[in-house]
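Take a look at the structure below.
The values are calculated or read from the model by the stated rules, or taken from the named source; none is laboratory data. Predicted, not measured: the structure shown is a model, and the values here were computed from it. All Cβ positions, even for glycine, are placed from backbone atoms using ideal geometry, and neighbour counts span all protein chains on display.
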Amino acid sequence: MCRRRCSEVLYLQVEAGQHAAVTTTWALAHLLHFTGFAWAFGSSLSIHRLVGIASQHSAAQKSGLEIGARKLVLAGELAGLGLAILGGILALVDNPSSLNPAASGAGAWLHIKLSLVLVLTVVAHLRMFRLARLVRERAAGASEADCDALLAAAKTFGLVDLALYVAIFFIATFRFVLFA
């Protein structure tokens, strides 16, 4: 039933000459959105791994791993999040009716996803600030116990960060099952 209905709508759009422009805009916006999400998620996994293995090394090696993790948060995760948010905004500009829960066909999933994205952005920034402070403190000669406490906090933010990525992916993928 759904395939037949979708095919009829697609056929009517092609007849009206609307489908090609809508599909191109939609595809580019979603390509940006998915690329940014994958970039940010992959960077978050890499950062989590760097922070995780840092505790197994000497202070000099820890310093290098922590600097790498701090740089990767900014150049990887936050840049990917920005790209994903930009793609999402472009997708909403292309189809503003998706903000209406009754018209989207999946209920309030987008509002929940946007709330999680906001929390994810805050947590990613908190992790960035924590890693920057860790690098500063280690360079200033702070004790190993103080640095380990900051490293543990960065690990915790990393776990929350990854859990939010998984939740966003789960809600976006199964929105029709969860909210229809």
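One line per residue, one yes/no per condition, for (1) of a type in the set (Asp, Glu); (2) within 25 Å of Phe170 (Cβ to Cβ); (3) out of contact with any Ser or Thr (no Cβ under 7 Å at 6 or more places or on another chain):
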residue	(1), (2), (3)
Ala59	no, no, yes
Lys62	no, no, yes
Leu65	no, no, yes
Arg70	no, no, yes
Leu74	no, no, yes
Gly80	no, yes, no
Leu90	no, yes, yes
Asp94	yes, yes, no
First in segment 59-81 and at pLDDT 90 or above, second anywhere and basic (Lys, Arg), Cβ under 8 Å, 6 or more apart: Val73/Arg127
For segment 154-177, which positions are of a type in the set (Gly, Ala, Ser), closer than 27 Å to Glu66 by Cβ, surrounded by 16 or more Cβ atoms within 10 Å (Cβ to Cβ) and within 17 Å of the chain's Cα centre (by Cα)? Gly158
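Filter segment 133-153 down to the residues that are touching a residue at least 60 places away in the same chain (Cβ under 8 Å) and buried (at least 16 other Cβ atoms within 10 Å of the Cβ), then identify the one that is nearest to Val51 (Cα to Cα).
Leu151
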Set Arg130, Arg136: member being at pLDDT 90 or above, in contact with a Phe, Trp or Tyr (Cβ under 9 Å, 6 or more places away or on another chain) and more than 22 Å from Phe34 (Cα to Cα): Arg130
Of all residues in segment 23-39, count the ones that are touching a residue at least 60 places away in the same chain (Cβ under 8 Å) and of a type in the set (Val, Ile, Thr). 1
Flagged in segment 138-165 as closer than 22 Å to Val122 by Cβ and charged (D, E, K, R), in numbering order, are Lys155, Asp161
How about segment 152-164: which of its residues are more than 9 Å from Ser44 (Cα to Cα) and not aliphatic (A, V, I, L, M)? Lys155, Thr156, Phe157
Considering only residues of segment 91-123 that are over 22 Å from Leu164 (Cβ atoms) and hydrophobic (A, V, I, L, M, F, W, C), which is surrounded by the fewest Cβ atoms within 10 Å (Cβ to Cβ)? Ala102
